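Trainee: Please see the structure below; I have some questions.
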Amino acid sequence: MTTLEPAAQQSAPQWQPAPEILTGRRFAGKVAVVTGASRGIGLAIATRLVAEGARVCVTARKPEPLRAAVDLLGGAEHAVGVAGRADDPEHRRQAVATTVDQFGRVDILINNTGINPVYGSMSGTDPGAAAKVFDVNVIAALSWVEEVRKLGLGDLPGAAIVNVASIAGLRPAAGIGVYGASKAALIHVTAQLGLELAPRIRVNAVAPGVVKTRFATALYEGREEQVAATYPLGRLGHPEDVAAAVAFLASDDASWITGQTLTLDGGLGLAGGIG
């Protein structure tokens, strides 16, 4: 586990954030922890929060991509990176403590880390592999909540948690049953914590469909046009689509919303599909 400073010579992540200049400052003075944020959806979320005034701690397993992410986010003035495994208690402790040491507070937690090493029938899945999926996608998310609460989340107005779930958690789908079950559990955790932590902390989730990230490549690679055609809006999601929704739920614009899961699926669910 390593606390990372900016590294100007690191290569940039694979995707670049949208070029729009955001004028909103909904997160001025706020501090967020965004897990799994060296690339893809997590980095898009961190980028959106920083663009709207937040300072962020970003986490990921590998130090080098995380250094590049910190650079992209504007360096030490805006971001700090802490490398480690989301399901490692010491990493969680270090990441949250570093956030408070660096920026003085924590207002927002984005639970974005997720894994899906198991593909195929749920029946017959190795129990150890299934347990690992739940450890990272559910138990670790719940543990991040407890860690930020220990160091002050909820002590100040406007505290919010947003969990990144999946439409796979809303209905069964071939090949990703274990992953879907873990995301269904995360959706339930979201509702339960929304009830338990109110009124001091709001807890919500997003459930994206297929988003164009390295994590989801297997779901569309070589057949993107075909997969996109199943979505009423005619395209796959982009990380920025998820970031925009997460930013809304984390902001005071959503101050009367808690325990909810917002589906981001380009209309796919209207026809009962899952992507």
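Trainee: Would you check if Ala160 is modelled with pLDDT of 95 or more and of a type outside the set (Ser, Thr, Tyr)? Reasoning before the result, please.
Mentor: Values: modelled with pLDDT of 95 or more: yes; of a type outside the set (Ser, Thr, Tyr): yes.
It is true that Ala160 is modelled with pLDDT of 95 or more and of a type outside the set (Ser, Thr, Tyr).
Trainee: Here's something else I'd like to know. Would you be able to say whether some residue in region 1-13 is touching a His at 6+ places or on another chain (Cβ under 6 Å), farther than 25 Å from Phe248 by Cβ, modelled with pLDDT under 95 and not in a strand (DSSP E or B)? Even if it seems obvious, please write down each step before you answer.
Mentor: We begin by selecting, within region 1-13, every residue touching a His at 6+ places or on another chain (Cβ under 6 Å); these are 1.
Okay, now just the ones that are also farther than 25 Å from Phe248 by Cβ, so 1.
Narrowing further to those that are modelled with pLDDT under 95: 1.
Adding the requirement that they be not in a strand (DSSP E or B) leaves 1.
Yes; the residues of region 1-13 include at least one that is touching a His at 6+ places or on another chain (Cβ under 6 Å), farther than 25 Å from Phe248 by Cβ, modelled with pLDDT under 95 and not in a strand (DSSP E or B).
Trainee: Counting only residues that are among the hydroxyl-bearing types (Ser, Thr, Tyr) and either part of a helix (DSSP H, G or I) or touching a Cys at 6+ places or on another chain (Cβ under 6 Å) (or both), which one in region 149-202 is nearest to Leu268 (Cα to Cα)?
Mentor: Here the residue is Tyr179.
Trainee: While we're looking at this one, here's another question. For region 205-216, does any single residue satisfy the condition of being free of Cβ contacts under 8 Å to residues at least 24 places away in the same chain and either surrounded by 19 or more Cβ atoms within 10 Å (Cβ to Cβ) or assigned to a loop (DSSP other than H, G, I, E, B) (or both)?
Mentor: Yes, the conditions are met somewhere in region 205-216.
Trainee: Here's a follow-up. Please give the number of the condition Gly209 fails out of (1) farther than 22 Å from Gly42 by Cβ; (2) among the small types (Gly, Ala, Ser); (3) at pLDDT below 95.
Mentor: For Gly209, the failing item is (1).
Trainee: Checking Asn137 against (1) in contact with a Leu (Cβ under 8 Å, 6 or more places away or on another chain); (2) over 30 Å from Gln192 (Cα atoms): exactly one of these is not met. Which one?
Mentor: It is condition (2) that Asn137 fails.
Trainee: Got at least one residue in region 54-76 being closer than 22 Å to Ala205 by Cα and surrounded by fewer than 20 Cβ atoms within 10 Å (Cβ to Cβ)?
Mentor: no
Trainee: Just to verify a result, which residue in region 156-171, among those that are surrounded by fewer than 16 Cβ atoms within 10 Å (Cβ to Cβ) and touching a residue at least 40 places away in the same chain (Cβ under 8 Å), is farthest from the chain's Cα centre (by Cα)?
Mentor: Within region 156-171, the match that is farthest from the chain's Cα centre (by Cα) is Leu156.
The values are calculated or read from the model by the stated rules, or taken from the named source; none is laboratory data. Quick caveat: nothing in here was measured; it's all calculated off a predicted structure. Neighbour counts run over all protein chains shown; Cβ positions are idealised from the backbone, glycine included.
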